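Right, one structure below, let's go through it.
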Amino acid sequence: MFGNSITIPHLLIFIPVLAGILTFFIKSQSGSKAWSLFAAFATLGVSVLSLVYSKNNELNGLTYNYEWLKYIGASFSVSLDGVGRLLTLLTAISFPVIFIATYKNSYKNTNVFMA
């Protein structure tokens, strides 16, 4: 599924998804908040890393194509162009800001909110 290597689009998809799933299983309020904040900063780091790759010979790491159902010609494709990079950066900036702003609030099911 991943081909030869894990690319930046893989990381931008799987870091938040896996972190969200793991957050469901963290029952302590402080643990789920800290884990969510760590995952948000990891996603922000990968998003900033995608802005660094701007040379044409390095753009192979910013596209991903996977032939999903070969017999009907369905495929899954993710690519980060200029606008896509900026939108992922905007999203990656907003999550740590939201988590920091709500860090002192108490919730009934904190792990569900943070996931």
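Summary of values
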| read-out | value |
| --- | --- |
| Segment 59-73, subset over 17 Å from L12 (Cα atoms) and assigned to a helix (DSSP H, G or I), residue modelled with the highest pLDDT | I72 |
| Pick from segment 21-55, criterion surrounded by fewer than 14 Cβ atoms within 10 Å (Cβ to Cβ) and of a type outside the set (A, V, I, L, M, F, W, C), ranking: modelled with the lowest pLDDT | K55 |
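The values are calculated or read from the model by the stated rules, or taken from the named source; none is laboratory data. Remember, it's a predicted structure, so these values are computed and weren't measured experimentally. So basically every Cβ, Gly included, is an ideal-geometry build from the backbone, and we count neighbours across all protein chains shown.
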